[in-house]
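Everything on this sheet refers to the single structure shown next.
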Amino acid sequence: MKLRHTVFALATLAVAGPAIAQQEIIFGLSAANGSLQEQTASEFARRANEKLGDKAVVKVFADSQLGKDKDMLQKIKLGTMTLTLPSSTMPEIAPEYAIFDLPFMIKDRAHLARIDDTLFKDVLVPAAEAQGYRPLAIWENGFRQITNNERPVVTPADLEGLKIRTPNSSWRVAMFKEYGANPTPMSFSEVFVALQTGVIDGQENPLTNIAGGKLNEVQKYLSMSGHVYSPAYPTVGIAAFEKLDADVQTVLSETAAEVALWAREQGEMQDGTLLKKLEEGGMEVNQTDRAAFVEASKPLYEKFASEVENGQAMIDQALSLAD
């Protein structure tokens with residue numbers, strides 16, 4: 001009897017065939033665990049996985065586990081991963097994205113939502129697609145603030161000579177040169193140690209990244225400049241993405257757009273609590289002189305208008321959506 005049961009079980013397995021492995025959608029990002037970018041990626045994965053059922057599963061790897069932004073952009077083109085979340089590196093893919101590197105361009109999150117519905121879909125997405133990439137949405141990274149260990153930054157003159165880490169963005173480097181700083185591009189994963197060892201004096205990031213990276217442990221001054229609103233773009237390589245089942249493509253695209261609103265709401269809610277957390281963590285907080293920074297930023301608008309195709313028209317359109 002025992003032998004008969006064993007034979008029956010083996011026969012059943014043979015008829016059923018081997019289990020089909022669930023397709024993995026690998027989503028890599030450089031932002032730290034606990035940052036809003038990581039929280040949004042995880043919320044995206046949760047929602048997408050509910051819709052995907054047994055068709056595929058989204059897995060998130062934050063904190064540069066799968067490489068730096070440049071490496072991951074290459075991987076989504078090659079198809080060794082599916083999604084990544086670039087932010088300030090996007091102008092290196094398509095210069096039109098430097099519209100978000102123009103200081104004080106974005107008034108608030110409602111302004112960003114209007115840009116999302118027009119300029120992003122009509123201009124920015126096609127610009128990235130021409131390079132083989134497809135951003136699926138605009139997610140929140142946040143309004144960037146300046147930290148350093150030397151002194152409070154009130155005007156651009158207070159940045160004179162300071163080694164300030166920037167992302168690997170030629171536009172952000174140009175910005176901090178205009179402000180008199182010594183900009184030092186490096187990956188976010190290297191920033192904590194560089195600050196701890198004095199390789200750099202400071203950096204600039206949204207509060208969520210400052211808190212997520214525990215930079216309050218190695219930075220004394222937090223200057224609330226709000227000089228740039230940085231979006232983050234859940235992005236795929238077009239060739240690899242279009243090899244996925246059509247149903248999977250639809251779920252990923254629709255869920256990315258859906259989560260964009262959640263991300264902005266979370267960003268707005270977290271601003272106050274994160275500032276309090278960083279103050280309690282030992283940082284001295286001050287407000288900057290916005291007018292002085294706006295004045296120092298004018299050459300960057302001129303640079304964008306002259307160097308980016310239809311740059312002035314983009315500036316005019318973005319500003320017209322502010323109210």
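For the reader, a short list of remarks on this structure follows.
- Hey, residue 127 over 30 Å from residue 291 (Cα atoms), under 16 Å from the mean Cα position of the chain (by Cα) and without any contact (Cβ under 8 Å) to a residue 60 or more places away in the chain or not: no
- Positions within the stretch 310-323 being at pLDDT below 95 and exposed (fewer than 12 other Cβ atoms within 10 Å of the Cβ), in sequence order: 323
- Verdict on residue 224 being without any contact (Cβ under 8 Å) to a residue 40 or more places away in the chain, open to solvent by 10 Å² or more (accessible area, probe 1.4 Å), on the phi < 0 side of the Ramachandran plot and not basic (Lys, Arg): no
- Yes/no for residue 230 being open to solvent by less than 30 Å² (accessible area, probe 1.4 Å) and at pLDDT below 95: yes
- Where helices (runs of 4 or more DSSP H) fall wholly inside the stretch 1-85, the ranges with 1 or more residues that are modelled with pLDDT of 95 or more, more than 14 Å from the chain's Cα centre (by Cα) and among the basic types (Lys, Arg) are 36-52, 69-78.
- Number of residues in the stretch 125-153 that are modelled with pLDDT of 95 or more, part of a strand (DSSP E or B) and not charged (D, E, K, R): the value is 8.
- Residue 122 vs. criteria surrounded by 16 or more Cβ atoms within 10 Å (Cβ to Cβ), outside any strand (DSSP E or B) and not hydrophobic (A, V, I, L, M, F, W, C): no
- Cβ-Cβ under 6 Å pairs, at least 6 apart or on other chains, the stretch 95-123 side on the phi > 0 side of the Ramachandran plot, far side surrounded by fewer than 22 Cβ atoms within 10 Å (Cβ to Cβ) and not aromatic (Phe, Trp, Tyr): 104/294
- Taken together, 296, 291 contain a single residue that is open to solvent by less than 80 Å² (accessible area, probe 1.4 Å), without any contact (Cβ under 8 Å) to a residue 60 or more places away in the chain and over 23 Å from the mean Cα position of the chain (by Cα), which is 291.
- Any hit, the stretch 277-290, residues being modelled with pLDDT of 95 or more, closer than 28 Å to residue 131 by Cα and in a helix (DSSP H, G or I): no
- Contacts under 7 angstrom Cβ, first residue in the stretch 47-70 being without any contact (Cβ under 8 Å) to a residue 24 or more places away in the chain, partner assigned to a strand (DSSP E or B) and not aromatic (Phe, Trp, Tyr), 6 or more apart: 49/57; 49/58
- Yes/no for residue 247 being farther than 27 Å from residue 82 by Cβ, part of a helix (DSSP H, G or I) and modelled with pLDDT of 95 or more: no
- Selection within the stretch 90-111 - farther than 20 Å from residue 309 by Cβ and surrounded by 20 or more Cβ atoms within 10 Å (Cβ to Cβ): 103, 106
- Within the stretch 29-52, tally of residues that are in contact with a strand residue (DSSP E or B) (Cβ under 9 Å, 6 or more places away or on another chain) and closer than 21 Å to residue 67 by Cα: 12
- Count of residues meeting criterion [open to solvent by less than 20 Å² (accessible area, probe 1.4 Å), in a loop (DSSP other than H, G, I, E, B) and touching a residue at least 40 places away in the same chain (Cβ under 8 Å)] in the stretch 154-200: 5
The values are calculated or read from the model by the stated rules, or taken from the named source; none is laboratory data. From a predicted model like this one, the values you see are computed outputs, not experimental measurements. As a convention, Cβ positions derive from the backbone with ideal geometry for all residues, glycine included, and neighbour counts pool all protein chains shown. In case anyone asks, the SASA skips ligands and DNA or RNA and just uses the protein heavy atoms, side chains included. Shrake-Rupley method; radii C 1.70, N 1.55, O 1.52, S 1.80 Å.
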